[in-house]
Amino acid sequence: METYTLEIILIAVVAAAACALPGVFLVLRRSAMLADAISHTVLLGIVLGFFLTGDLSSPFLVLGAAAVGVLTALLTALLERTQLVKNDAAVGLIFPALFSVAIILISRYAGDVHLDTDVVLLGELAFAPFDRFAPFGVDLGPRGLYVMGGILLINLAFIGLFYKELKLSTFDVGLAAVLGFAPAVVHYMLMSLVSITLVGAFDIVGSVLVVALMVAPAASAYLLVNRLPAMLALSTGLGALSALTGYLLAFLLDASIAGSIATMAGLIFLVSLLFAPEQGVVAQLRRRARQRWEFAALMLNAHLLNHEGSREAEQENRASHLTDHLRWSPEFASQVITYAQRSGLIAVEGDHLRLTPAGRQRTLKHYPSSGTLEGT
Amino acid sequence: MNQANLAIEITDLTIAYKEKPVLWDVDLEFPEGNLTAIVGPNGAGKTTLLKATLGLIPPSAGQVLVFGKPLRQQRRLVGYVPQRGSVDWDFPTSALDVVMMGRYGHLGWLRRPGKAERDLAMQALHSVGMQDFAGRQISQLSGGQQQRVFLARALAQDAAIYLMDEPFQGVDAVTERAILEMMRRLRDEGKTVIVVHHDLQSVPEYFDRAVLLNVRKIASGPVHEVFTDDNLRAAYGDRVTRLGAAALPQLEPESRAGLPVMGK
């Protein structure tokens, strides 16, 4: 593999991992849409930072972006507090307002500078290796790798240090406040982190697709595991996997790398949604189907139990009788009998159905009134 | 009552949302070592009173003192049990982990919980009969079990004062008994337990003292002094007193509708 290819993959993997970490807390706080908003409004911070410094690679651009990111979260919260608009509408009102100011500023005053709206929206990973980090003329690799690597380390350090505070204020904001953990401060620290991450990553995958890297891996991990440390680890891993497989997909289709990575992140979520072990759609369908059969077998058992030992038992407790009295179709009746027999609940002797001791016990547990009747 | 042992002293507390008072000039004293119910009709400001006491809602006027000092200096003395519905039980964590959050206040910023916190949390789970569920994902607990986990978390706070917001809401009869016994045990250890409560009927049986609230403070003191026809009429309107205090179970049908029928 060429160094060029390797560098692209490395940048993408590191960027995806860096996005996936704060994404976990956004998803758990039900603020995923805030990532979308901030990914756009940070542009205003970059533009203002550029006007102040006149330098597109100044670190003040990142600071400006972080400040506007926090401002976005703050304004959204303020608008929501008026109780005149709901949260989703508040996000939808604040972010175009700030974003459009940025667009106007760029088109009016920075038309000749490389603040290209296309690149901002879509990013261009393929060009990332051309931008080198070369202090004193020594080439140390692509600049993007250092930027995203640095952001990944910042995210790891922040979550490592404030893990307890982040967890508590996400789960129970009231207790966090009572215990003196200033949940508002924690919230805006997280929002600064989200903003910095988005600024770093949107250079590479663009401001639209970066949201996929922040939300999709976390949402997938949420379905697959049920402990926070596992969710953080898996989210990071799935982000990296999306980047890796996304690059391959782009190579195969000769298509946009950023688009392919976001597609893979979406596909991984789709697979999680369908096949998650407990909450997945397939697992739910199977559970429902099993419950249906179990309940049908229980109905059959209750019927057998009711007539057991009585004079009409010979008549009632026959396979052929189920279609007449329980109004079951012959196919369904024979399927239920097979299911109940295989589960060891009933014994079939010719046409006659008899409860096994296990079947009787199970039925009495779910159908206690017949048990008490027998007991008295 | 010994004035020196006031667990909580509230003076002239007014809370307003946009000029609409939710609590109006409330003076209250909670003597140490009592089990007190805060009761009143819907919208009376019961939860608001609790949250203001905890510093979660800023007062428009008035102040709250905890053992004679502002709450800010006394955080470790106050244990909090929020309404069960106030958190997301799908959060990816275990029962034990939730209980350990009760120790976070003692740890302070940045310090991580360790074996000592784990042991204390386990002990707290034990005292609410939930030790077998320590590793269980919290969404897989029943409502009553979730409530017990919240109580265990408050126990782990090892506080002097416990403020509980409707701990009996939506729990089964067994859990209701367990919660009541735990509250009495705390009281007998000299702790102060203050409970927002919805069920007037059980107040005389469960509690030592009561605060009757309806935006204003109607009455506070020992339950038998507070639960008079006049006071109940002042809090709940004529509907109640025409039936008389003896017919309390029929009160306030709309607010009882969501509660489980007790003792069945």
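Numerical summary
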{"item": "Gaussian network model of chain A, springs between alpha carbon atoms under 10 Å - residue of A:Leu267, A:Leu44, A:Leu305 with greatest fluctuation", "result": "A:Leu305"}
{"item": "For the range B:125-242, radius of gyration divided by Kirkwood radius, i.e. Rg to Rh on alpha-carbons", "result": "1.03"}
{"item": "Alpha carbon centroid spacing (whole Å) that separates the range B:139-169 from the range A:15-64", "result": "39 Å"}
{"item": "Relative contact order, percent, the range A:2-277 [alpha-carbon distance under 8 Å, six or more residues apart]", "result": "30 percent"}
{"item": "Longest exposed-site-free window of chain B, the sites being GluC sites (Glu not before Pro) in a DSSP loop that have at most 11 other C-beta atoms within 10 Å", "result": "B:20-188"}
{"item": "Under 5 Å, built H, 5+ apart or other chain: amide partners of B:Val211", "result": "B:Ala37, B:Ile38, B:Val39"}
{"item": "Inter-probe distance in nm under a simple model that places probes 7 Å from Cα toward Cβ, at A:Arg327 and B:Thr14", "result": "6.7 nm"}
{"item": "Pairs beyond 20 Å (Cα-Cα), from B:Lys18/B:Lys51; B:Lys51/B:Lys115; B:Lys191/B:Lys217; A:Lys164/B:Lys115; A:Lys86/B:Lys18", "result": "B:Lys51/B:Lys115; B:Lys191/B:Lys217"}
{"item": "The protein assembly as shown: antiparallel DSSP beta bridges as a percent of all, rounded to 5", "result": "60 percent"}
{"item": "Residues A:Val185, B:Val26, B:Val195 arranged by fewest to most Cβ contacts within 10 Å", "result": "A:Val185, B:Val26, B:Val195"}
{"item": "Derived scalar couplings ³J(HN,Hα) [the range A:6-19; Karplus, 6.51 cos²θ - 1.76 cosθ + 1.60; whole Hz; x for Gly, Pro]", "result": "4, 5, 4, 4, 4, 4, 4, 5, 5, 4, 5, 5, 5, 6"}
{"item": "The range B:3-52: trypsin sites (Lys or Arg not before Pro) falling in loop per DSSP and having at most 15 other Cβ within 10 Å", "result": "B:Lys18"}
{"item": "Pair A:Asp139, A:Leu252: separation of 7 Å Cα→Cβ label points (nm)", "result": "3.2 nm"}
{"item": "B:Phe227, A:Phe25, A:Phe51 arranged by Cβ crowding within 10 Å, fewest neighbours leading", "result": "A:Phe51, B:Phe227, A:Phe25"}
{"item": "Principal-axis tilt of helix A:228-253 within chain A, Cα atoms, nearest 10 degrees", "result": "70 degrees"}
{"item": "Cα-projected label distance for B:Ala173 with B:His126, points at 7 Å along beta-carbon direction, nm", "result": "3.0 nm"}
{"item": "Excluding exposed DSSP-loop trypsin sites (Lys or Arg not before Pro) (at most 11 other C-beta within 10 Å), longest clean stretch of chain A", "result": "A:87-310"}
{"item": "From phi via Karplus (6.51, -1.76, 1.60), per-residue ³J(HN,Hα) for the range A:73-82 in Hz, x at Gly/Pro", "result": "4, 5, 5, 4, 5, 5, 5, 5, 5, 5"}
{"item": "Stokes-Einstein D in µm²/s, Kirkwood radius over Cα pairs - the range B:3-263 at 25 °C with 0.890 mPa s viscosity", "result": "129 µm²/s"}
{"item": "Segment A:Ala233-A:Glu294, extension gain: residue separation times 0.36 nm, minus the distance between their alpha carbons", "result": "18.2 nm"}
{"item": "DSSP loop GluC sites (Glu not before Pro) with at most 14 other Cβ within 10 Å excluded, longest remaining stretch of chain A", "result": "A:3-277"}
{"item": "Reachable aspartates and glutamates from A:Lys167, criterion Cα separation under 19 angstrom, eight or more residues apart if same chain", "result": "B:Asp88, B:Asp90, B:Asp97, B:Glu117"}
{"item": "Computed E for A:Glu2/A:Val282 - FRET, C-beta separation, R0 45 angstrom, nearest 0.05", "result": "0.65"}
{"item": "Distance cut-off 35 Å, percentage of C-alpha pairs in chain A lying past it", "result": "44 percent"}
{"item": "Residue-by-residue Karplus 3J(HN,Hα) for the range A:294-309, coefficients 6.51, -1.76, 1.60, Hz, glycine and proline x", "result": "4, 5, 4, 5, 5, 4, 4, 4, 4, 4, 4, 5, 4, 9, 4, x"}
{"item": "Which of B:Asp25, B:Asp119 has the fewest Cβ neighbours within 10 Å, and the rest in rising order", "result": "B:Asp119, B:Asp25"}
{"item": "Other-chain or far-sequence residues with amide H under 5 Å of B:Val81's (modelled H)", "result": "B:Leu163, B:Met164, B:Asp165"}
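Readers should treat all values here as calculations from the given coordinates under stated rules, not as data from a laboratory. Just so you know, these numbers come straight off a predicted model, no measurement behind them. Positions of Cβ are backbone-derived with ideal geometry, glycine not excepted, and every protein chain shown enters the neighbour counts.
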